[in-house]
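Chemist: Quick one: structure below, then a few questions.
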Amino acid sequence: MPYLDHNATSTLRPEARAAMARACQIHGNPSSVHRSGRVARALVEDAREQVARLVNANPANVIFTSGGTEANALALWGAVHGSAESGGLVRRLYASAIEHDSILGTMNAIAVRATGIRRAQVPATRDGAVDLDALRDLMRESSGRALVAVMAANNETGVVQPIAEVSKLVRQHDGLLLVDAVQACGKIATDFAALDADYLTVSAHKLGGPQGVGALVMKEDAPFAAQIHGGGQERSRRAGTENVAGIAGFGGVAKAIGDDNISRLEMLRNVFESGLRNCFPAAIVFGHNSQRTANTSNFALPGIAAETALIALDLDGVMVSSGAACSSGKVKPSHVLKAMGVPDDLARSALRVSLGWDSSESDVDATLASLGKLGTRISARKAA
Ligand code: PLP
């Protein structure tokens with residue numbers, strides 16, 4: 001059945017499955033000194049190397065987490081609490097208005113629980129990118145050190161963000177930069193060292209790895225404060241016995257990923273979007289003027305509620321999403337489209353098709369056929 005919801009969770013790659021199956025044969029705790037413990041430790045450290053290599057980082061500064069959400073929270077709380085301990089106090093939190101809820105929600109929580117923190121959302125342009133002029137204005141305010149969170153690519157529209165420019169701005173003002181690369185990693189070049197970010201976050205299940213495992217990558221000297229205490233795991237930065245099988249799966253997928261699939265996905269996405277315009281000449285593709293990740297198409301079929309289209313597609317066995325992955329099922333229009341100035345009624349008909357490593361031409365054909373059927377049915381209803 002066509003599964004075109006890879007930005008929500010990608011299908012498990014065989015390399016990840018095999019690595020997890022191998023890890024499940026091991027019964028040792030990576031902190032134990034006996035043989036089984038050492039084998040488990042080796043699996044975790046091999047995976048750390050693979051993930052570090054994937055994003056060009058130092059393995060010592062890769063912290064495994066339960067996913068992108070926790071990695072984002074760890075970076076944000078770490079910057080605020082860690083900077084209090086290390087000087088250069090973070091007083092301002094700025095995030096683009098199109099960030100994932102895990103960033104925006106954590107920032108809200110910090111503003112409530114930590115004193116003296118100012119927070120603001122940086123507006124987005126109509127094309128779905130963070131507004132650099134607005135960020136520049138915010139950075140000029142001189143009321144303490146700022147942490148800026150801008151994602152590398154948006155989960156809903158796929159729009160690739162101008163991280164190089166953001167990074168330059170942040171450096172000019174001695175700020176800290178958090179790049180959520182959850183939707184970018186594996187789809188566009190994601191080079192932690194070249195981005196000159198202080199923190200970068202990734203999640204295995206968006207890449208074809210298992211759910212429930214991700215990583216925070218940080219600079220050695222970035223402010224940090226552990227949020228979970230207990231054992232000395234992850235160099236005392238995140239206590240708790242490691243998710244060995246999940247981490248091994250993450251390492252397996254990190255090793256397997258190359259950029260060989262990207263042009264194929266872009267070709268499939270283009271086939272999809274031209275087919276879409278044939279079925280629905282009024283269809284609007286969001287972010288189409290911007291550079292996008294090759295796998296993502298977010299579009300509205302004006303006059304057709306997203307839920308109607310989702311149900312029709314689902315009845316034909318086609319799985320796509322409306323709005324953001326993590327809020328699938330919610331009826332409220334997407335905050336990303338809102339930030340791009342899309343009116344609510346149009347945003348309510350937005351659908352997202354996101355392709356993945358195993359997507360095929362027949363998946364695209366089946367999706368277009370189902371959308372075509374829906375279009376015909378709706379036109380017939382209108383004509384009656
Ligand atoms: N950041 C972005 C951009 C995402 O798309 C997601 C998930 O959709 C997350 C963070 C959260 O990642 P996880 O599902 O691993 O918690």
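Chemist: Which of (1) within 29 Å of residue 254 (Cβ to Cβ); (2) surrounded by fewer than 18 Cβ atoms within 10 Å (Cβ to Cβ); (3) of a type in the set (A, V, I, L, M) is the odd one out, the single condition residue 383 does not satisfy?
Modeler: (1)
Chemist: Counting only residues that are within 24 Å of residue 118 (Cβ to Cβ) and either of a type in the set (S, T, N, Q) or touching a His at 6+ places or on another chain (Cβ under 8 Å) (or both), how many does the range 59-85 have? Break it down stepwise before answering.
Modeler: To start, the set of residues in the range 59-85 that are within 24 Å of residue 118 (Cβ to Cβ) comprises 69, 71-85.
Next, from what is left, pick out any that are either of a type in the set (S, T, N, Q) or touching a His at 6+ places or on another chain (Cβ under 8 Å) (or both): 69, 72, 83.
Qualifying residue count for the region: 3.
Chemist: Hey, can you tell me all the residues within the range 124-151 that are open to solvent by 10 Å² or more (accessible area, probe 1.4 Å) and in contact with a Ser or Thr (Cβ under 7 Å, 6 or more places away or on another chain)? Step through it out loud before you land on a result.
Modeler: Step one: list which residues in the range 124-151 are open to solvent by 10 Å² or more (accessible area, probe 1.4 Å), which gives 124-127, 129, 131-134, 136-138, 140-145.
If the condition is that a residue be open to solvent by 10 Å² or more (accessible area, probe 1.4 Å) and in contact with a Ser or Thr (Cβ under 7 Å, 6 or more places away or on another chain), then 124, 127, 129, 131, 145 are the ones that fit.
Chemist: With the structure loaded, tell me whether residue 65 is closer than 19 Å to residue 212 by Cα and open to solvent by 40 Å² or more (accessible area, probe 1.4 Å) or whether it fails that test. Before the answer, list the steps.
Modeler: Details: closer than 19 Å to residue 212 by Cα: yes; open to solvent by 40 Å² or more (accessible area, probe 1.4 Å): no.
Judged against the criteria, residue 65 is not a match.
Here is a yes/no grid of residues against (1) part of a loop (DSSP other than H, G, I, E, B); (2) open to solvent by less than 30 Å² (accessible area, probe 1.4 Å); (3) free of Cβ contacts under 8 Å to residues at least 24 places away in the same chain; (4) not assigned by TED's automatic domain parsing to the domain that holds residue 313:
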{"residue": "23", "(1), (2), (3), (4)": "no, yes, no, yes"}
{"residue": "32", "(1), (2), (3), (4)": "yes, no, yes, yes"}
{"residue": "39", "(1), (2), (3), (4)": "no, no, yes, yes"}
{"residue": "44", "(1), (2), (3), (4)": "no, yes, no, yes"}
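Chemist: Can you tell me which residues in the range 370-380 are surrounded by fewer than 11 Cβ atoms within 10 Å (Cβ to Cβ) and farther than 13 Å from residue 304 by Cα? Reasoning before the result, please.
Modeler: First, the residues of the range 370-380 that are surrounded by fewer than 11 Cβ atoms within 10 Å (Cβ to Cβ): 379-380.
Passing the criteria: only 380.
Each row is one residue, and each column tells you yes or no for (1) β-branched (Val, Ile, Thr); (2) assigned by TED's automatic domain parsing to the domain that holds residue 44; (3) more than 17 Å from residue 11 (Cα to Cα).
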| site | (1), (2), (3) |
| --- | --- |
| 247 | yes, yes, no |
| 252 | no, yes, no |
| 275 | no, no, yes |
| 280 | no, no, yes |
| 288 | no, no, yes |
| 297 | no, no, yes |
| 301 | no, no, yes |
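Chemist: Is there a residue in the range 269-284 that is open to solvent by less than 80 Å² (accessible area, probe 1.4 Å), among the small types (Gly, Ala, Ser) and in contact with a Leu (Cβ under 6 Å, 6 or more places away or on another chain)?
Modeler: yes
Chemist: Shifting gears a bit: Could you say which residue among 352, 348 is open to solvent by 70 Å² or more (accessible area, probe 1.4 Å) and out of contact with any Lys or Arg (no Cβ under 7 Å at 6 or more places or on another chain)? If you could, list the steps in order and put the result at the bottom.
Modeler: Numbers: 352 fails: open to solvent by 70 Å² or more (accessible area, probe 1.4 Å).
Answer to the check: 348.
Chemist: Kindly list the number of the only condition in (1) part of a loop (DSSP other than H, G, I, E, B); (2) at negative phi; (3) open to solvent by less than 70 Å² (accessible area, probe 1.4 Å); (4) at pLDDT 95 or above that fails for residue 252.
Modeler: Result: residue 252 fails condition (1) only.
Chemist: If the Cβ limit is 6 Å and pairs must be 6+ apart or interchain, which residue in the range 298-319 that is over 15 Å from residue 282 (Cα atoms) pairs with which residue that is open to solvent by less than 70 Å² (accessible area, probe 1.4 Å) and of a type in the set (Asp, Glu)?
Modeler: Going by the 6 Å Cβ cut-off, the qualifying pairs are 319/5.
Chemist: OK, next. Just to verify a result, which residue in the range 230-243, among those that are open to solvent by 50 Å² or more (accessible area, probe 1.4 Å) and among the polar types (S, T, N, Q), is nearest to the chain's Cα centre (by Cα)?
Modeler: So the residue we want is 243.
Chemist: Still on this structure, I have one more. Considering the range 1-21 alone, what residues qualify as being away from the ligand (no atom under 15 Å from the Cβ) and either assigned to a helix (DSSP H, G or I) or among the aliphatic types (A, V, I, L, M) (or both)?
Modeler: Matches in the range 1-21: 1, 4, 14, 15, 17, 18, 19, 20, 21.
The values are calculated or read from the model by the stated rules, or taken from the named source; none is laboratory data. Predicted, not measured: the structure shown is a model, and the values here were computed from it. Neighbour counts run over all protein chains shown; Cβ positions are idealised from the backbone, glycine included. Note: accessible area is taken over every heavy atom of the protein model, side chains too, but ligands, DNA and RNA are not part of it. Shrake-Rupley method; radii C 1.70, N 1.55, O 1.52, S 1.80 Å.
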